[in-house]
Each structure stands twice: as structure tokens, then as C-alpha cells.
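Engineer: Let me give you the structure first, and then I'll get to my questions.
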Number of protein chains: 2
Amino acid sequence: MLQDVEHRALARALEIAADPAVPLGPNPRVGCVLLDPHGTVLAEGHHRGAGTAHAEADALTAARAASAPLAGATAVVTLEPCAHTGRTGPCADALIEAGVGRVVIARTDPNPVAAGGIARLRAAGLDVELAIPEDLAAAAAALNRGWEHGLAHERPLVTAKIALSLDGRAAAADGTSQWLTGAAAREEVHLLRTTCDAVLVGTGTARADHPTLTARRPDGTLHPRQPLRAVMGTSEAPPLPAIDGAGEVLPLRTRDPSVALATLFTRGVRHVLLEGGPTLAAAFLRAGCVDELIVHLAPTLLGGGRPAVADLGITTLADRLDLDLVDIAPMPTPSCPTDLRLTLRPRTA
Amino acid sequence: MLQDVEHRALARALEIAADPAVPLGPNPRVGCVLLDPHGTVLAEGHHRGAGTAHAEADALTAARAASAPLAGATAVVTLEPCAHTGRTGPCADALIEAGVGRVVIARTDPNPVAAGGIARLRAAGLDVELAIPEDLAAAAAALNRGWEHGLAHERPLVTAKIALSLDGRAAAADGTSQWLTGAAAREEVHLLRTTCDAVLVGTGTARADHPTLTARRPDGTLHPRQPLRAVMGTSEAPPLPAIDGAGEVLPLRTRDPSVALATLFTRGVRHVLLEGGPTLAAAFLRAGCVDELIVHLAPTLLGGGRPAVADLGITTLADRLDLDLVDIAPMPTPSCPTDLRLTLRPRTA
């Protein structure tokens, strides 16, 4: 059971782990808070990306710099301390050597190379707490879901985002699509972009919409973390607009989702936001390469126009592509008071 | 303020008013409960359709048959007692003459011919209570919404029901559509049919689906109240199946929604359930003849097939037909665990 101070410390560790200045990619985001035996915070630390100190080491360094007494301290960490020597030494050993007495761990390490920290801590006689309240455990899982997906599947996690009318249209007959959904939905897209390593569009969308694919705040300024901007397809498309501070542009000269994802994975991408259009969405759905679908649904009818999802090769109802709706949220704005966001996942048999 | 016993009596009056054996159509459904000054129920009554006693008269008759003392009694009614002499005398007078001291009224009568009961009761010195809790007032409004719509608009209320996939398809490319949504949604359609005077389909649907258009229980037996079965269009269609106990079949040889609705209104229909297909739904939407849209949404993708709503004559996004989502409800079944029902109304500027 977590004590109240440990609960608060873990919430804080999750918060600092999610520091928007930290790049995403092939390293997990981790936070650590050190508490003295009375529950007072001694120091905080977090990982800042490849080649920098791990969260535990960062916190221990901060504690020592403040001459904080570490004997009998509790380390509250968002991820199991590592047991391997990479660019830095094993964090489990560092905690043991510092005299830490108890370690609260929100999530075990799915990385076979780094795992083993819990066993090592317990072997050294430390008290290890793994019973985490559900909300914090879920937040710890969500923090590195792209990274975890990569370890399990050797390809990035793919979130597809589509906006559609009640009758499944992404645009009217004349191609107009701005704006089908309200400002709340559009703002959310920018937040989604900051939480993904890469945004991916097809050459068709690049030609038609000249998207900037940046993550901006409502005032137009750029978020600190910008996604890689990938454009996929074999047809010609104009270059994406060059914007100071925007993510790198990466052309992917393939129509094969698996090839595109393999290239992105090699580049360190662990979470891709697929932003359309209908052809690209259909290609990824057909290839079984969509892990999560976010639908911004405008309660409006067009009666025609461009379908939001192109041909899936389905001719009869029995071959339908079933999804499970995992969340519904209102996305209200004054002009679009009843827009919805639906979050779905392809049903696994 | 309603006393607790009056609150319970009103809930009961609403329940008996909704008696499924009572036909719908051009008469309101009304219930009445008589309470003695201590709050004990003296008698109940309800209206059973054109030519039968009004609810108040029905309750007074029952009270007299039981020799119940009516002096100082409270009458709890779902609709304002009438002040006019039609096939029966004014109910307001009957309550006054019976010695009733207080009348609780859930909804005022929007019918200019019959209204005036409240004034007459007050003029006779009776205490009239109109402050009704929101849930009961809403139930009283819902009870006769077709009838009220008819008084206000001189045409039936139209509820359109469509089933669609997440990408707006009603059927796959080969025409298969059974079953896009789960058993819960299909069962709800049967309940909807029993609450409407008429079910309306196009000749195309009649040809393609041979629908029975009956209101059935899950065990296949017929509900006590069956809707008129109207088939609209100028092309030939086979007759609907003859079924013992099913509603009358009415061919409407027109493609014009206003003409069809005028004919139905003349026949006493006050609430129409429009059950498709896409062409008929589009025709009614284009004509501004849909008051409520019920969407059974299956979280599935087809990527092609028959759109759930045909051409609306909309070519550019600015001409979109906006709706307001007024309700979302889950419609889960084991095979379709995350089906949804959305209730929408066309947005009125």
C-alpha cells in the first residue's frame, strides 16, 4: 500500500517525467522523487533523453548536491530501475549504494535488456512496493506506450486521426473540408502531435492541403516538442512548408505501410500520428497497421462528398472491420456545440 | 410544491396514461389519480381513445362506483382538464361539481379548442398546482409529443431511424446489411414502432428487404399496439407481408414528403417513424421534414458500400446540414459490445 506522501510523490514523478522538453523516441521517459523517512521530498530527477542521466541517478545527484541524507530514504519511480550497464551504470545498484530503504515502482520494465532491477533491489534487502493505484498505474503505462509498443512489436504504435461527418464524409463534393469539426477538435490535433514522434500524411494530402504538420498552441506559437514530418507515397508532392522550429521533413518513397513504419522505427520513431487522407488511412487499416483510431465526429450530414475512409477491399458485411469504442468525449465549441471525439481500437478476435 | 403523495400519484397517472392498449393518433393520452385529503388514492382513470371518457371523468366514475367521498379531494392529472364540450362535457366542470379542492396539472393544454380549464378551476376557487418536478414535466411532455407537434405544425412529428457504420455506410458493397448493428439496437426499433402511429418506408426498401414493419417482442410475439405500415413512392413494390394483428398497410403514391405527411395527418397519424432507406431519408432531410434523427452507430468500418444517407444536394461544406446531438446511449450486446445510439435534432439557426 502506498502512503499518501508516496502517492503524491508518484503523481509528481509522472509529471516531471512528461517534461515536454524531453524528446520522445527510443528511450523511455522516467521520473524519480526521493523522500526521507518522514515523507519529506529530498530531491527530484528525470531522464532527459539518450545519453543523459537516468531519472534515479539524476535525483541522487540532486540530493547529494543538497547534502540530503539518503539512508533509509524512499525512491518513488515511474519505471523499474534498470539492472544493466549501458551508457550509465545500473540504477538499482545506485539506489542500493545510496542507502535507500524502500522503492515504489509504478511500472515494471518490459525491456529484457534492462529488466531485473526489482530482483536486484529485493536481493539487497530493500522493500519494493509494486501495488500502485489504478489511475497512476494507467498514467505510467500511457507515458511510454510508444516505447513499450516498439519493444513488443518491433514497429511504432500507430494512432490514426480522422475527422468525419455523421454520414462518414471527410469533405464535401467540391473538396471543401475546412472546417468540418470545431476549434476544440483542431486544438486537440496539435496536442496529439506533441505527444507523437512523427506525423505521417500521404503525398495526396501534401499536394491538396499544404499542411504545416506543426504542433501549435491556440495563439499560433509552436509547442516545445515538434514531431518529425513524414510524407509517404510514390507520387510527386510539393515540399512541406519550411518553418523555423518545426520538425524535420522525411519523404518515405513507398506505398507500403510496413515499409514506411520500418523506416520510421529505424529512425527512432515509436509513436506515429497518421493524419490522412482517406487513401492512407485505408492502406494502414487494410495492412492491420492501425493500433488506435481517433475520430472527430461532427454531427452534420453532407449526403455526398469524399468518404473519410477509402476502399478497404470489403465487399460483404461479414468482412467488416470491427472496432471497439474505448472512449467518448465531448469536444464542444460555440459553433460546434455537440462535436464528439471517439477513441477506438481494432477488435482483436 | 407537490407533496410526496402527489408526486407518486402523478408518476402513476403518467404510467396509466401510457397504457399500451390505448391507440395513439389525434387524441392526447391522459391519466388522472384522485387523492383524498389525507393522500390516500380514491380512484384512477385514463383516456382510452376517441369517443371514450376523458381521464378525469373516468376517475370520477370509478370513485363514485366505490362510493368514495370526493369533497376536498385532489385530482392529479397529466394534462390540463378541458374546458370545452365535445363528445364529452368539460372535465374542469366535472371536477368542480364533484367537490374537488385541488388540482395538480403536469402540462397545460396547447389545444386552443380545449384550453381554459385552469382558468375555470381557479375561478371556481380550486387550488391549481402547476409547479411540477422537471422529470415528471418532461415525461408529461413526451407522452403526447406527436399530438402536440400536430397542433403546432399541422403535420406529424417525424423520427428518422438509420443504422450506420462509423464510415457512414448502411450496407456493404454487395448489399448485405443484416446485421450491421446488434440485437439491442434492433430490439429498440420494435419499441420505437409501438410508440409511433405509423412506420414509413420507401418502395425501394419494400422491394429489397420485404420488411414486416411490425412491432415485436424479442420472443417474436406482437406488441399490443401496432403502427400503420405506410409505403411511399411511385415505383412498384410487392405488398408488405400480411400478418395477423399487424397494422394496416397504406400505399402513398408520391415522392413528396409533404404530400405523404399531409395524407398521414389526415388519417390521424401524429408521429411517423421513418425507417429508410437512404433515398427516403435524404428526401425528408432535404424537405426539412425530419424532426428527430435516431442513429444506431456500429463502430465498424466498411470502406465502401451503400451510404446511409443519399444525395442531399449539398456540394460545399458551408451548406452542411447541421444537427445537435441531444443524447448518446450505449446499446451493448455480446457480439456488438460498443454499439451506440445517438439522438439528434436538426439545428434551428
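The values are calculated or read from the model by the stated rules, or taken from the named source; none is laboratory data. It should be emphasised that the depicted structure is a prediction, and the values quoted were computed from it without experimental measurement. Backbone-built Cβ (ideal geometry, glycine too); neighbour counts: all protein chains shown.
Engineer: Among the residues of region A:212-228, are any in contact with a His (Cβ under 8 Å, 6 or more places away or on another chain) and within 14 Å of chain B (Cβ to nearest Cβ)?
Structural biologist: no
Engineer: Follow-up. Here is a list: A:22, A:5. Which entry is of a type in the set (A, V, I, L, M, F, W, C), under 16 Å from residue A:103 (Cα atoms) and out of contact with any Phe, Trp or Tyr (no Cβ under 6 Å at 6 or more places or on another chain)?
Structural biologist: A:5
Engineer: List the pairs whose first member sits in region B:258-281 and is more than 29 Å from residue B:177 (Cα to Cα), whose second member is assigned to a helix (DSSP H, G or I) and aromatic (Phe, Trp, Tyr), and whose Cβ atoms are under 9 Å apart, counting only residues at least 6 apart or on separate chains?
Structural biologist: As it stands, the answer is B:270/B:147, since those pairs meet every condition given.
Engineer: Any idea how many residues of region A:99-115 are surrounded by fewer than 18 Cβ atoms within 10 Å (Cβ to Cβ) and either within 20 Å of residue A:134 (Cα to Cα) or modelled with pLDDT under 95 (or both)?
Structural biologist: Qualifying residue count for the region: 6.
Engineer: Every residue in region A:39-65 that is surrounded by fewer than 17 Cβ atoms within 10 Å (Cβ to Cβ) and either within 16 Å of residue A:127 (Cα to Cα) or modelled with pLDDT under 95 (or both), please.
Structural biologist: A:39, A:49, A:50, A:51, A:52
Engineer: Same structure, new question: Can you tell which of A:123, A:131, A:137 is out of contact with any helix residue (DSSP H, G or I) (no Cβ under 8 Å at 6 or more places or on another chain), within 17 Å of residue A:12 (Cβ to Cβ), among the aliphatic types (A, V, I, L, M) and surrounded by fewer than 19 Cβ atoms within 10 Å (Cβ to Cβ)?
Structural biologist: A:137
Engineer: Only one residue in B:203, B:212, B:181 is out of contact with any helix residue (DSSP H, G or I) (no Cβ under 7 Å at 6 or more places or on another chain), polar (S, T, N, Q), within 14 Å of residue B:297 (Cα to Cα) and modelled with pLDDT of 90 or more. Which one?
Structural biologist: Checking each option against the conditions leaves just B:181.
Engineer: Residue A:267 - would you say it is under 18 Å from the mean Cα position of the chain (by Cα) and among the basic types (Lys, Arg)?
Structural biologist: Criteria met by residue A:267.
Engineer: Also, I was wondering about something else. Within region B:230-254, which residues are surrounded by 19 or more Cβ atoms within 10 Å (Cβ to Cβ) and not in a loop (DSSP other than H, G, I, E, B)?
Structural biologist: Matches in region B:230-254: B:230, B:231, B:232, B:252.
Engineer: Step by step: first the residues of region B:301-321, then only those that are out of contact with any strand residue (DSSP E or B) (no Cβ under 9 Å at 6 or more places or on another chain) and of a type in the set (A, V, I, L, M, F, W, C), then the one that is surrounded by the fewest Cβ atoms within 10 Å (Cβ to Cβ). Which residue is that?
Structural biologist: B:318
Engineer: Could you list all residues from region B:193-213 that are within 21 Å of the chain's Cα centre (by Cα) and surrounded by fewer than 18 Cβ atoms within 10 Å (Cβ to Cβ)?
Structural biologist: B:212
Engineer: Could you tell me whether residue B:102 is closer than 23 Å to residue B:7 by Cα and touching an Asp or Glu at 6+ places or on another chain (Cβ under 6 Å)?
Structural biologist: In short, yes.
Engineer: So, one more: Which residues, counting only those in region A:205-222, are more than 18 Å from residue A:239 (Cα to Cα) and of a type outside the set (A, V, I, L, M)?
Structural biologist: Matches in region A:205-222: A:216, A:217, A:218, A:219, A:220, A:221.
Engineer: Still on this structure, I have one more. For region A:163-192, which residues satisfy the criterion of being crowded, with 22+ Cβ neighbours inside 10 Å and under 29 Å from residue A:17 (Cα atoms)?
Structural biologist: Selection gives A:185 alone.
Engineer: So, one more: From A:255, A:306, A:270, grab the single residue that is of a type in the set (D, E, K, R) and closer than 28 Å to residue A:143 by Cα.
Structural biologist: Sole residue among the options that is of a type in the set (D, E, K, R) and closer than 28 Å to residue A:143 by Cα: A:270.
Engineer: Taking the residues in region A:298-321 that are within 16 Å of residue B:306 (Cβ to Cβ) and part of a strand (DSSP E or B) as candidates, determine which candidate is nearest to the other protein chains (Cβ to nearest Cβ).
Structural biologist: Top of the filtered list is A:301.
Engineer: Those residues that are part of a loop (DSSP other than H, G, I, E, B), more than 9 Å from chain A (Cβ to nearest Cβ) and not hydroxyl-bearing (Ser, Thr, Tyr), I need them from region B:176-189; list them, please.
Structural biologist: B:182
Engineer: Out of the residues in region A:214-255 that are among the hydroxyl-bearing types (Ser, Thr, Tyr) and within 19 Å of residue A:21 (Cβ to Cβ), which is farthest from the chain's Cα centre (by Cα)?
Structural biologist: Selected residue: A:221.
Listed here are the residues, each with its yes/no results for (1) more than 9 Å from chain B (Cβ to nearest Cβ); (2) touching a helix residue (DSSP H, G or I) at 6+ places or on another chain (Cβ under 8 Å); (3) buried (at least 16 other Cβ atoms within 10 Å of the Cβ).
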site	(1), (2), (3)
A:286	no, no, yes
A:289	yes, yes, yes
A:296	yes, yes, yes
A:323	no, no, yes
A:326	no, no, no
A:336	no, yes, yes
A:339	no, yes, yes
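Engineer: Say we look at region A:129-175 and pick out the residues that are assigned to a strand (DSSP E or B) and within 30 Å of residue A:78 (Cβ to Cβ); which of these is farthest from the other protein chains (Cβ to nearest Cβ)?
Structural biologist: A:129
Engineer: Counting only residues that are in contact with a strand residue (DSSP E or B) (Cβ under 8 Å, 6 or more places away or on another chain) and basic (Lys, Arg), how many does region A:191-215 have?
Structural biologist: So the answer is 1.
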